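Here the structure comes first, spelled out in structure tokens, and everything after it is commentary.
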Amino acid sequence: MASTAHILVVDDDPLICQQLEQLYTSDGYRVTVASLVEQAQQVLEKEDIDLVVTDIRLKGPLDGVDLTRLIAERWSDIPVIVI
């Protein structure tokens, strides 16, 4: 049996997170949501993530560009979609 892809959604807008989570789970994907880059980093360190979808502008000291750079440096095999 094939495993389900795991998507990490990173956005500081709860409504956007909820909508993306519903969209992806309805298509059969496993979804984890984070609102800050620091939270996303913790998820990436502990979980097997197949795709990251992140907002470019996030609250906090780090934004979506910083997250994309971090992923490119530490988890270069994970594709990132920036919205």
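The values are calculated or read from the model by the stated rules, or taken from the named source; none is laboratory data. Worth saying up front: this structure is predicted, and the values here are computed from it rather than measured. Accessible surface is based on the protein model in full, side chains and every heavy atom, while ligands, DNA and RNA are left aside. Shrake-Rupley method; radii C 1.70, N 1.55, O 1.52, S 1.80 Å.
Carbon-plus-sulfur fraction of the accessible area of the chain, 1.4 Å probe, in percent?
51 percent
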field: the chain, accessible area per residue, ligands and nucleic acids excluded (1.4 Å, Å²)
entry: 62 Å²
- request: Two decimals is fine: what is log10 I(q)/I(0) at q = 0.15 Å⁻¹ for the chain, from a Debye sum with one equal scatterer on every Cα and no solvent?
  value: -0.47
field: Mean Cα-pair separation over length for the chain, i.e. relative contact order, pairs under 8 Å, 6 or more apart, %
entry: 32 percent
